[in-house]
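Colleague: My structure is below; once you've seen it, I'll send some questions.
The values are calculated or read from the model by the stated rules, or taken from the named source; none is laboratory data. Predicted, not measured: the structure shown is a model, and the values here were computed from it. Glycine gets a Cβ as well: all are built from the backbone with ideal geometry, and neighbour counts include every protein chain shown. Please note that ligands, DNA and RNA were not included when accessible areas were found on the heavy atoms of the full protein model with its side chains. Shrake-Rupley method; radii C 1.70, N 1.55, O 1.52, S 1.80 Å.
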Amino acid sequence: MTVGRRTALKALGLPALLAATGCGGRSNGTVRVAVVWSGDELAAFRSVVAEFSRRLNWDVQVLTVGDNIGAALESQLGRATRPDVVLLPRSGLAHQYQERLASVAELPLERFPLAWRGLVSRSSSPRGLADLGVWFKTAHKSLVWYRRDAFAQAGVEPPTDVADWIAVNRRLAQHGAPLAIGAADGWVLTDWFENLLLGRDRRAYLGLAAQHDPRLWRAEPVRRALTDLARLWMPAEQMLPGGASRALLMQFQDSIVDVFARRRAAMVAAADFASPVIAKFAAGRIGDVGVFRFPGVDGGPPPLVVGGDLAVLLAPPSAGGMALMRWLAGPDAARIWAGKGGYISLRDDVGPAAYGPWYRTYYTDGLLGEVRRNAGRPPVFDLSDQLTGRLGGGDGLGAWRILQDFFAALGAGTPVDVGVSQAVDAFAWAAENRRGSG
């Protein structure tokens, strides 16, 4: 879907209804599912539901609702044509709407890590886990993809910590722009911030995610993470092709194109779901594609930020909705998307062999194990995807907008300390008044 059409639909509060997937025989009925995906991700999901239709004789209507899925979901609740299943990219929405979600207790979820299931357990459950949904798709959000030839030309290696990264950027800048950033998509900027904050202070990150104390937004770890961002991104005219003003008009996929097709930049910070786009635009130069973990801070361990799309069943549940949920929880649905890349299943029976030839280079046991097990520690979920109220994400809203304003201010020459203070004030005000809407 084009950006213009997505924006127009969002302004009207309407989802885009794609052509229904038919079962080709006698149908059990129609299942409606709402998603945020577009492009390659949407095409991959349509392959998943097409096989569901073929095997189980359900017609499927896929509704695309754009990044502001919370508002779209709210507008659809209570309608006769509401979706049966919704794929939520922000786990905070599952908790926000938990009273309107049907139970998925009858689904077999034993193959999913308990730590991940605990992220979306019903808060009023008197015992054990009461899952709010099924983690259908997850993401490793602590990766940086780069051109090996650009690094070789500058005589640099992937950085080992943030200070080293700053030095690497300066060396690369002597030959061309080091970074491509699709700052028109606010979540791209929050991904940067989250990795730096988690690498610097895990406790501070988790405290902000809990949303119990707005004063934490004014604490030193937040200021230092924002300062790290400024040191990595600026001066924009040296670090970014076309400077900050161009980056603010560039969407995520365009930043991939800038690195691997236009070759105007050396690297791009992007989750594993960028891999199909990279494969497309690096065609013929696949061996030139490198990837490294987002570095830690001051020699500390690298951060691991994860994200995911949670399938939820709206109440009252329909038979078709429950059938689709069962399919999405199973291994066959996961293997269909895994073969296309840009996808991680939490199921422990979907291993590297399920991924396509090129993707197996990157979707190793190590990467999959990091997301699924994180060395035995609970997963640290994308911060902006957990935030609610005035900090909740969406185009031009909340944390996304605050980081875009911060990026724009730095690009316009605002001193770093002033820009950091402005961003901290904006975060803190939104947290203190979080029950309002953005």
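Colleague: Quick check on L198: is it under 20 Å from V380 (Cα atoms) and buried (at least 19 other Cβ atoms within 10 Å of the Cβ)?
Modeller: Details: under 20 Å from V380 (Cα atoms): yes; buried (at least 19 other Cβ atoms within 10 Å of the Cβ): yes.
Judged against the criteria, L198 is a match.
Colleague: What are the residue pairs meeting all of these: first residue in segment 43-59, first residue over 15 Å from T30 (Cα atoms), second residue open to solvent by less than 40 Å² (accessible area, probe 1.4 Å) and part of a helix (DSSP H, G or I), Cβ atoms under 6 Å, and 6 or more apart or on different chains?
Modeller: A44/W337; V48/A333; V48/W337
Colleague: Given (1) among the acidic types (D, E); (2) within 23 Å of A430 (Cβ to Cβ); (3) touching a Lys or Arg at 6+ places or on another chain (Cβ under 7 Å), where does D131 come up short, assuming only one miss?
Modeller: The number of the failed condition is (2).
Colleague: Next question, about the same structure. Please determine whether any residue of segment 382-397 is among the charged types (D, E, K, R), out of contact with any strand residue (DSSP E or B) (no Cβ under 8 Å at 6 or more places or on another chain), under 29 Å from R223 (Cα atoms) and not in a helix (DSSP H, G or I).
Modeller: As a first pass, look at segment 382-397 and keep what is among the charged types (D, E, K, R): 382, 385, 390, 395.
Now restrict to residues that are out of contact with any strand residue (DSSP E or B) (no Cβ under 8 Å at 6 or more places or on another chain): 390, 395.
Now drop any that are not under 29 Å from R223 (Cα atoms), which leaves 390, 395.
Applying the additional criterion that residues be not in a helix (DSSP H, G or I) yields 395.
Yes, that holds for at least one residue.
Colleague: Let me ask something else about it. Quick test for you: out of V277, V297, pick the one residue that is modelled with pLDDT under 95, buried (at least 21 other Cβ atoms within 10 Å of the Cβ), of a type in the set (V, I, T) and farther than 30 Å from S53 by Cα. Show your work before the answer.
Modeller: On the way: V277 fails: farther than 30 Å from S53 by Cα.
Criteria check complete, one pass: V297.
Colleague: List, please: which pairs have Cβ atoms under 8 Å, are six or more places apart or on different chains, and start with a residue in segment 268-291 that is without any contact (Cβ under 8 Å) to a residue 12 or more places away in the chain and over 15 Å from P357 (Cβ atoms) and end with one that is open to solvent by 50 Å² or more (accessible area, probe 1.4 Å) and part of a strand (DSSP E or B)?
Modeller: none
Colleague: Test G356 against the stated conditions and say whether it is outside any strand (DSSP E or B), touching a Ser or Thr at 6+ places or on another chain (Cβ under 7 Å) and either closer than 30 Å to L107 by Cα or aliphatic (A, V, I, L, M) (or both).
Modeller: For G356, the condition - outside any strand (DSSP E or B), touching a Ser or Thr at 6+ places or on another chain (Cβ under 7 Å) and either closer than 30 Å to L107 by Cα or aliphatic (A, V, I, L, M) (or both) - is not met.
Colleague: Could you please give the count of residues in segment 1-56 that are in a helix (DSSP H, G or I) and modelled with pLDDT of 55 or more?
Modeller: As a first pass, look at segment 1-56 and keep what is in a helix (DSSP H, G or I): 3-12, 39-56.
From what's left, modelled with pLDDT of 55 or more: 39-56.
Residues meeting the conditions: 18.
Colleague: Considering only segment 390-416, state which residues are open to solvent by 30 Å² or more (accessible area, probe 1.4 Å) and without any contact (Cβ under 8 Å) to a residue 60 or more places away in the chain.
Modeller: Correct list: R390, D405, G413, T414, P415.
Colleague: Which residue, of G392, G396, G330, G413, is of a type in the set (G, A, S) and more than 30 Å from A236 (Cβ to Cβ)? Write out each step before concluding.
Modeller: Values: G392 fails: more than 30 Å from A236 (Cβ to Cβ); G396 fails: more than 30 Å from A236 (Cβ to Cβ); G413 fails: more than 30 Å from A236 (Cβ to Cβ).
Residue meeting the stated conditions: G330.
Colleague: Among the candidates A163, A209, which residue alone is hydrophobic (A, V, I, L, M, F, W, C) and modelled with pLDDT under 95?
Modeller: Working: A163 fails: modelled with pLDDT under 95.
Only one candidate passes the filter, namely A209.
Colleague: Same structure, new question: Residues that are more than 19 Å from the chain's Cα centre (by Cα): which helices (runs of 4 or more DSSP H) entirely in segment 126-222 hold 2 or more of them? It would help to see each step written out before you state the result.
Modeller: Details: elements: 148-154, 162-172, 186-200, 202-210.
Counting at least 2 such residues, we get 148-154, 162-172, 202-210.
Colleague: Okay, next question. What pairs can you find where one residue is in segment 148-164 and in contact (Cβ under 8 Å) with a residue 40 or more places away in the chain and within 17 Å of R263 (Cα to Cα), the other is among the polar types (S, T, N, Q) and open to solvent by 60 Å² or more (accessible area, probe 1.4 Å), and their Cβ atoms are less than 7 Å apart, with a gap of 6+ or different chains?
Modeller: Listed by first residue and then by second, the contacts come to A154/Q174.
Colleague: Enumerate the pairs (first residue in segment 238-267 and without any contact (Cβ under 8 Å) to a residue 40 or more places away in the chain; second residue anywhere and open to solvent by 50 Å² or more (accessible area, probe 1.4 Å) and assigned to a helix (DSSP H, G or I)) with beta-carbon separation below 8 Å, excluding pairs fewer than 6 apart on the same chain, so at least 6 apart or on different chains.
Modeller: Correct list of pairs: V257/F281; A261/F281.
Colleague: Then there is this: Applying the selection to segment 282-294, what residues are modelled with pLDDT under 90 and either open to solvent by 50 Å² or more (accessible area, probe 1.4 Å) or closer than 9 Å to G342 by Cβ (or both)?
Modeller: Result: A283, G284, R285, I286, G287.
Colleague: Go through segment 223-265 and give me each residue that's in contact with a Pro (Cβ under 6 Å, 6 or more places away or on another chain) and surrounded by fewer than 18 Cβ atoms within 10 Å (Cβ to Cβ).
Modeller: R264, the sole residue that qualifies.
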